[in-house]
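Before any comments, here is the structure.
The values are calculated or read from the model by the stated rules, or taken from the named source; none is laboratory data. Please read all numbers here as calculations on a predicted model, not as lab measurements. Here Cβ is always computed from backbone atoms with ideal geometry, including for glycine, and neighbour counts include all displayed protein chains. Ligands, DNA and RNA are excluded from the accessible area calculation, which covers all protein heavy atoms including side chains. Shrake-Rupley method; radii C 1.70, N 1.55, O 1.52, S 1.80 Å.
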Amino acid sequence: MTGTPPREHPDGAADGIRGTDADTPPSQDTATGAAGDGDDGGPAASRPAGARLLLAALWPPRATGSQFVAAGLLFVLGLGLAIQVRAANSEDTALAGARTEDLVRILSDLDDRAARLEAERADLERQRTELENSSDQAEEARRQNEERAGRLGVLAGTEAARGPGITLRIADPLGTVEADMLLDAVQELRAAGAEAIQINEVRIVAETAFTDDNGGIRLDGRPVSAPYLVRAIGRPQDLEPALNIPGGVVQSLENDQASVSVERSETITVDALRSPEQPDYAQSSP
């Protein structure tokens, strides 16, 4: 019995083995395409080459000594700026919350300081002009030095002074006046332009110490008692308003049951003297 031979196809393959790929090796294109599909699906392969290089340079982080120094400098700079901004804001807040009396006093002090600086500038310019125009510049320089030494002696308390000013009298029948109250009066007078100050028989200078002592007051260790007589040389029209401004020295003393009076005078004498102190190590140099 004769069987029917398998029918051949045009490509020469038999029907029985046409659908089998086991004996057919994959083509090069097929292998390459499979590999390409796998690479395209990965996260690293999907990034451009530039991004991969940047990521490799930044991660993991590698800090150097110079980078730590730069970071420290930037931190210090930022901290300084933050402190400065906070200080400015605190000053603005303090002024915004100040009382009207305090603002008036601050404004008065600023005006007085500006007037004194302007007068000092004009005086220095006058001295320079006199020195430049003098026929004997050496003699003019000597005269100006003597004048300056006299002013410094008045400020240091080693020379007596006389001039216009005010007399502040503080009666304290209840003993409520303390050292800090006298210090406030002195500071207010200095801010208003007082050039020489004396309380009772004690000359007041920059280093004068005000202390409380068993219900009394000591100035530079010397006891003073009420009534306290404060004599100050300066422009009376500046000194008296500085003491009488709302919330100022006079009002504060009166609130503590002290009796206060301020009197202007064309001639005030400040004759309490301090012994000049010789420095231990410093010497004048030519």
Run the paramagnetic zone check for Asp184: 7 angstrom along Cα to Cβ, then residues of segment 196-229 with backbone nitrogen under 12 Å.
none
Surface/4 of the Cα convex hull for segment 139-259, nm²
7.9 nm²
Between Leu74 and Ile106, how many nm apart are label points set 7 Å from Cα along the C-beta direction?
3.7 nm
Using a simple spin-label model with points 7 Å from Cα along the Cα→Cβ vector, what separation in nm is obtained for Glu130 and Thr64?
6.6 nm
Efficiency of FRET from Cβ geometry, Leu81 and Ala171, R₀ 51 Å, rounded to 0.05
0.45
A chain fully extended from Thr269 to Ala56 at 0.36 nm per residue, minus the present Cα-Cα distance, gains in nm 68.1 nm
With label points built 7 Å along Cα→Cβ from the Cα atoms of Glu120 and Leu152, find their separation and express it in nm.
1.5 nm
Hypothetical label at Arg162: residues of segment 245-286 whose amide nitrogen lies under 14 Å (7 Å Cα-Cβ projection)
266-272
So if R0 is 30 Å, what FRET efficiency would Asp213 and Asp280 give, r being the distance between their Cβ atoms, rounded to the nearest 0.05?
0.55
Under a 1.4 Å probe, what is the accessible area of segment 129-190 per residue, stated in Å²?
57 Å²
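May I ask you to give the percent of accessible area on segment 128-233 that is carbon plus sulfur, with a probe radius of 1.4 Å?
It is 49 percent, rounded to a whole number.
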